[in-house]
Each structure stands twice: as structure tokens, then as C-alpha cells.
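The values are calculated or read from the model by the stated rules, or taken from the named source; none is laboratory data. Treat the numbers as computed from the prediction; the structure is a model and nothing was measured. All Cβ positions, glycine included, derive from the backbone under ideal geometry; neighbour counts span all protein chains shown.
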Amino acid sequence: MKQKWWQSSVVYQVYPRSFRDSNGDGIGDIPGITERLEYIKALGADVIWLSPVYESPNDDNGYDISDYCSIMPEFGTMHDFDVMLEKAHSLGLRIVMDLVVNHTSDEHAWFAASRSSKDSAYRDYYIWRDPKEDGSEPNNWGSCFGGSAWKYDETTGQYFLHFFSPKQPDLNWDNPKVRDEVFAMMSWWLDKGVDGFRMDVISLISKPEDMRDGDVMASGYTSFDVASNGPHVHDYLREMNRRVLSRYDIMTVGETPGVTVEEAQKYAGLDGKELCMCFQFEHMNLDADPVRGKYGFPQFDLVALKKNLAKWQTGLEGKAWNALYWNNHDQPRVVSRWGDDSDRYREKSAKMLATCLHMMKGTPFIYQGEELGMTNCRWESLDELNDIETIGNLRHHIASGLLTEEQALAVARLRSRDNTRTPFQWDSSANAGFTRGTPWLRVNPDYEKINAADQMARDDSVFRYYHELISLRKRMDVIVHGTFTLLEADDPDLFVYKREFGKEKLLVVCNFSKNEREYIMPEPFCGGSVLIGNRSSGTEDRIIGPYDAFVIYVKK
């Protein structure tokens, strides 16, 4: 099968609000992105995934869209977008938009008309249900942001469904008019020249037809995963592909909560009938607190992580394509999560984590600042937080007695989505060079020692290491196409795997701990050359130091 351009690409996610402020209002914007496109090019990435820049009241930082074909004024104008797109293309960079079509804002014109009357032509654009006899919600479905997934609307005496904020009502994809509207909007952007879509929670668009209650969690509600992989989701995505996606040479990636390996083979099948790839979340949920879920105290288990990622590597082999990531706008900083963000090991563990991910099969995604080894922020109070998901869940946990105020602050430092949304650290000047105004969210105080200017000036930096990893992927077929085999599956410290393609073989060895370990190289790799690594000792040294990582290459 002919290689697709996105299979050898590396994607860089830009969170516009936090990337670069060009006008001093404290909010990152599109002209700020345009100013720094050369930075992304210098890193070596090929594709920019742009988090939402559409018109939005900003209840959920742009994931509540009120107009799909307009730009949020805080970010600039459509002319600014066109200038950015043209410059990106001139640099050989592609732009992938964030497509948010499971829900809209409640300020979207469709919803305003839908809620106005049961007889509205737009009523069936959203999901409305009568109350139970006692006036309560139609079922026990819970919102991802805490509380019920239903909100009562007095205008018509019915509840509408929202799996996220009450200001994010879910669209009714069973209505063909909704699909027509969405497909027309997608075509409009693709005709403008964008290079694809990352599709927000796309696995939720087809709701269960009977809408029964689900299993109750500690929150008192069922998980929003009750709607994952619904009865018609693949029908709708195949229709999307036939009517829109197949007409363009683009990259698509679906955010698919609740996806399994078997479902991913449908979403991201190599037959090209739906999407190019999809994000799975199993590895992101492995360290969840058994009682408090994501917003609890993490319990990292390397053995579980290895076996999970190996399952996805082997399960999709020859059938579908993996999307590889440690970080995005919804996850805490990986160097603080699974590495070591102390001064001693931060850069070394950041390089180790990068090695482990980028040597796997699939398309790697880098979240802004990951290439600098940016860390979680040590929040001083819950009042500093902005993220609606964090605030909603922590408040619920405090009210339910699952966390004290002090514990909630500790959890925020570990798990809040705000940890990856702090402004990008460009240099050591005021506000990390992000803005000359007051930043919309606190700048991480470690910016004086962790910033792009310093990293780009040093040959041994995390940035330079990421650049080398990307360069290797572009010139070595074994990295893009090689099969994956997990070794040392039960080792609690070492993540070891091999890749094979034709006569080429790679051995990847990563120490996820501070423990010094002895490791004997498998026979085929003895005497091989070090392709890349973060340690000074050679392959003959059997001692694997804290957070060591290296890749051995042989060709026979």
C-alpha cells in the first residue's frame, strides 16, 4: 500500500490562547502564531493542529462554538487566518483545524431557534427529552464536567442533553439536516485550503437509542462513555468520508473516548473509509485514582503502560494507524506526570519520554512546550484555575467529601488541564515573552530557566533532541513502518521494545525510574550503533542510569 504523507509526518499542537500574544491584551492570537511559524518549522514538525479559533462565548476555551465560519475576535479576523494559512503553506507546514461537532455553544443560532419552541424547524437539531414523572432528569447520564448531563429549559418544559458544559448542548446526528449542515461547513474550510481536521469527541456523536441508565460512578452519575461508539457512529463517519473527506488530500484524526482496538480498526482502518487515525485514552487513564478518577492521586504503573501501548501497537498492525501522544490541552505535562521535573532529571527524563514515544509506529503529536520540557504549574490556590472541567470536578469532590480543599489544590497541581494551558515560555523576559500585557492565565514561574530561547541556543537541549528524533523519522523507514515487539514486559523500570522492517532493526531502551539497572543487550543488537540517546556511555556499558534512553540500530 502506498505511503500516505501523514504517516511520516509529525504534528505540533498549538493552543492559540496560550501560544503567542501579538497585541498585548494578554491572550494569544492568530497573528502571534503567524509570527512564530518559523519556530515550528525549525523544530521539524510538518503539521500544525490548531485548537479552536472559531467564534465562541468561551465557556470551554473555544470548544463551545457559536459560529463555525467566523473567527473569535480575541484571536483576530478571518483575514488574519488567511495570512497565517498562506505563510504556513509557504513554509511547507500544513494546518489541521479542530472540528467540534458533537455539540455547539448554546449561543449558536441553531440552538437559539431550537429552544424557542417545540415546533421550531431546528428543534430536532439537538436532543430534547421530557422529565420523568417526578420532574427529574430523563436518565442518570453524567457530564464530563461534573453533575448531570441534562439541563431543564423552562421555555418548553423539556431537558436538553449536554455531555460537557450546560452551555454545550449536544447535536442530534440522527437528524440528516444536522449532517448536511456539518458537511457543508467542513467543505467550506477545506475549500479555503486547510489540510484536515482533528475531530473532537467524535466517538460520541451517535447516542444510544434507548437512553437507558448506566452504571453509577462515585459521582452519582454514569460516565459519559455511555455514548461512546454508538449504534450509527461508523455509518455517519463513512457518510462524512464519502461526501467530504475523500474529495481532498487531507489528514484526519478522531478524538475517540471509549475506543477499543477493535473499534479503532474501523475508525482508522487502512481502507480509508473513515478517518486516518484516532486518539485512544486507555494509557491516559491507567494512573487514575480508583475512587476519584482523573481528579485524584495518580498511581503510575509502568508495566501496565507498556502492556497497554504494546496492545495498541500490535492490535492495529496492518489494519489501522496509531496516533502517538503523551500530551495535549487536556492532559497534565508528561515530564511532571511520568518523568521527573526536578532540576536534576527534568531534561533527561523529557528526552527519555520523547525517545519512547517517537520510536513507536504511528504519527507523533507534540503539544506546545513539550519540546522544551515544560512542567506542571505549582498553583497557589484554586482561585488561579481557569479550566471548567477541573473546577467542576474538584468542587464536586470537595462537596462529596472525596477531597479536602488542601487535597484538591494538590490534585490540581498534578492533574488540572490548566497545567498545559499556561502561556508558552519563549524567553526569560517578563511573562516569558508571551505577552507585554497581563496574561490570561498565570505564567509558570519556572520560565526563567525553561524557555525556547535557551533551548534553541544549546546543542544538548530537549528542543534539539526532539529535532533529531523528527529528522530520524523522516529518513528511516524502519521508524515509520517497522513492526513492534515488546521486550521485558514485566520489568518495573525499563521500557524495552524492538522495531523491524526488512533488514533493519531497532532496539529502544528507556528507564522510567531513578533506579540504576543492569541490562544485557539481546544478541542481534550487540555491536550495533547508537542511533540516538540521552546518555554519554556507549552500548558496551550494561548499566542503565536513571532516565537513560538509547536506540540501537542494526542492519543485516
Report summary line: Only one of (1) of a type outside the set (Val, Ile, Thr); (2) in a helix (DSSP H, G or I); (3) closer than 21 Å to GLU370 by Cα; (4) in contact with a strand residue (DSSP E or B) (Cβ under 8 Å, 6 or more places away or on another chain) does not apply to PRO524, and that is (3)
Report summary line: Only unsatisfied item for ASP170, checking (1) of a type in the set (D, E, K, R); (2) crowded, with 19+ Cβ neighbours inside 10 Å; (3) out of contact with any helix residue (DSSP H, G or I) (no Cβ under 8 Å at 6 or more places or on another chain), is (3)
**Report entry** Hey, GLY258 at pLDDT 95 or above, at positive phi and either under 18 Å from the mean Cα position of the chain (by Cα) or surrounded by fewer than 17 Cβ atoms within 10 Å (Cβ to Cβ) (or both) or not
**Finding:** no
Report task. Pick out the one residue from PHE160, PHE183, PHE164 that is aromatic (Phe, Trp, Tyr) and either in a loop (DSSP other than H, G, I, E, B) or more than 28 Å from the chain's Cα centre (by Cα) (or both). Result -> PHE164
Query raised in the report: Just wondering, is there one or more residues in region 313-333 that are of a type in the set (A, V, I, L, M, F, W, C), at pLDDT 95 or above and in a helix (DSSP H, G or I)?
Result: no
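One line per residue, one yes/no per condition, for (1) out of contact with any Leu (no Cβ under 7 Å at 6 or more places or on another chain); (2) of a type in the set (A, V, I, L, M, F, W, C):
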position: LYS41; (1), (2): no, no
position: ASP64; (1), (2): yes, no
position: ASP67; (1), (2): yes, no
position: PRO73; (1), (2): yes, no
position: THR77; (1), (2): yes, no
position: SER105; (1), (2): yes, no
position: TYR122; (1), (2): yes, no
position: ILE127; (1), (2): no, yes
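Filter region 137-153 for residues that are of a type in the set (D, E, K, R) and in a strand (DSSP E or B); which is surrounded by the most Cβ atoms within 10 Å (Cβ to Cβ)?
Looking only at region 137-153, we keep the residues that are of a type in the set (D, E, K, R), and these are 137, 151, 153.
In the following step, the residues that additionally are in a strand (DSSP E or B) were identified as 151, 153.
Details: LYS151: 18, ASP153: 16.
Checking each candidate, the answer is LYS151.
Looking for something assigned to a helix (DSSP H, G or I) and either under 20 Å from SER228 (Cβ atoms) or touching a Leu at 6+ places or on another chain (Cβ under 7 Å) (or both) - is there at least one such residue anywhere in region 267-285?
Yes, region 267-285 contains a residue that is assigned to a helix (DSSP H, G or I) and either under 20 Å from SER228 (Cβ atoms) or touching a Leu at 6+ places or on another chain (Cβ under 7 Å) (or both).
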Report task. Would you confirm whether any residue within region 33-51 is surrounded by fewer than 23 Cβ atoms within 10 Å (Cβ to Cβ), of a type in the set (D, E, K, R), over 21 Å from the mean Cα position of the chain (by Cα) and within 27 Å of ALA109 (Cβ to Cβ)? Result -> no
Query raised in the report: Would a scan of region 335-348 turn up a residue that is surrounded by fewer than 24 Cβ atoms within 10 Å (Cβ to Cβ) and among the aliphatic types (A, V, I, L, M)?
Result: no
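Just to confirm my filter: which strands (runs of 3 or more DSSP E) fall fully inside region 1-114 and include at least 1 residues that are small (Gly, Ala, Ser), more than 25 Å from LEU357 (Cβ to Cβ) and without any contact (Cβ under 8 Å) to a residue 40 or more places away in the chain? Please lay out each step first, then the result.
Details: elements: 11-14, 47-50, 67-71, 94-99.
In region 1-114, the matching strands (runs of 3 or more DSSP E) lie at 67-71.
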Report summary line: Filtering region 107-125 for residues that are more than 14 Å from ASP64 (Cβ to Cβ) and touching a helix residue (DSSP H, G or I) at 6+ places or on another chain (Cβ under 9 Å) leaves a count of 11
Query raised in the report: VAL508: surrounded by fewer than 20 Cβ atoms within 10 Å (Cβ to Cβ) and not aromatic (Phe, Trp, Tyr), yes or no?
Result: no
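Tally up the residues in region 100-121 that are of a type in the set (A, V, I, L, M) and surrounded by fewer than 23 Cβ atoms within 10 Å (Cβ to Cβ), please. Break it down stepwise before answering.
Step one: filter region 100-121 for residues of a type in the set (A, V, I, L, M), giving 100-101, 109, 112-113, 121.
Checking which are surrounded by fewer than 23 Cβ atoms within 10 Å (Cβ to Cβ) leaves us with 109, 112-113, 121.
Summing the residues that are of a type in the set (A, V, I, L, M) and surrounded by fewer than 23 Cβ atoms within 10 Å (Cβ to Cβ) in region 100-121 gives 4.
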Query raised in the report: Counting only residues that are within 18 Å of LEU204 (Cβ to Cβ) and of a type in the set (S, T, N, Q), which one in region 92-126 is nearest to the chain's Cα centre (by Cα)?
Result: ASN102
**Report entry** region 125-145 residues that are under 20 Å from SER223 (Cα atoms), paired with ones that are surrounded by fewer than 19 Cβ atoms within 10 Å (Cβ to Cβ) and aliphatic (A, V, I, L, M) (beta carbon under 6 Å, 6 or more apart)
**Finding:** ASN139/MET211
Requested in this report: Sort out which residues of region 221-255 are within 21 Å of the chain's Cα centre (by Cα), surrounded by fewer than 23 Cβ atoms within 10 Å (Cβ to Cβ) and not hydroxyl-bearing (Ser, Thr, Tyr), and write them in order of number.
Outcome: PHE224, ASP225, ASN229, ILE250
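Listed here are the residues, each with its yes/no results for (1) more than 30 Å from ILE250 (Cα to Cα); (2) at pLDDT 95 or above; (3) in contact with a helix residue (DSSP H, G or I) (Cβ under 9 Å, 6 or more places away or on another chain).
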{"site": "VAL83", "(1), (2), (3)": "no, yes, yes"}
{"site": "GLU86", "(1), (2), (3)": "no, yes, no"}
{"site": "LEU93", "(1), (2), (3)": "no, yes, yes"}
{"site": "SER105", "(1), (2), (3)": "no, yes, yes"}
{"site": "ILE127", "(1), (2), (3)": "yes, yes, no"}
{"site": "ASP130", "(1), (2), (3)": "yes, yes, no"}
{"site": "THR155", "(1), (2), (3)": "yes, yes, yes"}
Query raised in the report: Just one of the numbered conditions (1) surrounded by 15 or more Cβ atoms within 10 Å (Cβ to Cβ); (2) in contact with a Lys or Arg (Cβ under 9 Å, 6 or more places away or on another chain) is not true of ASN285; which one?
Result: (1)
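Does ASP64 meet the test of being modelled with pLDDT under 95 and surrounded by 21 or more Cβ atoms within 10 Å (Cβ to Cβ)? Quick ask: steps written out before the conclusion?
On the way: modelled with pLDDT under 95: no; surrounded by 21 or more Cβ atoms within 10 Å (Cβ to Cβ): yes.
So ASP64 fails the test.
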Query raised in the report: If you go through region 463-481 one residue at a time, do you hit one that is farther than 24 Å from ALA323 by Cβ, surrounded by fewer than 22 Cβ atoms within 10 Å (Cβ to Cβ) and either at pLDDT 95 or above or touching a Pro at 6+ places or on another chain (Cβ under 6 Å) (or both)?
Result: yes
Query raised in the report: If you take the residues in region 288-308 that are without any contact (Cβ under 8 Å) to a residue 60 or more places away in the chain and in a helix (DSSP H, G or I), which one is surrounded by the most Cβ atoms within 10 Å (Cβ to Cβ)?
Result: ASN308
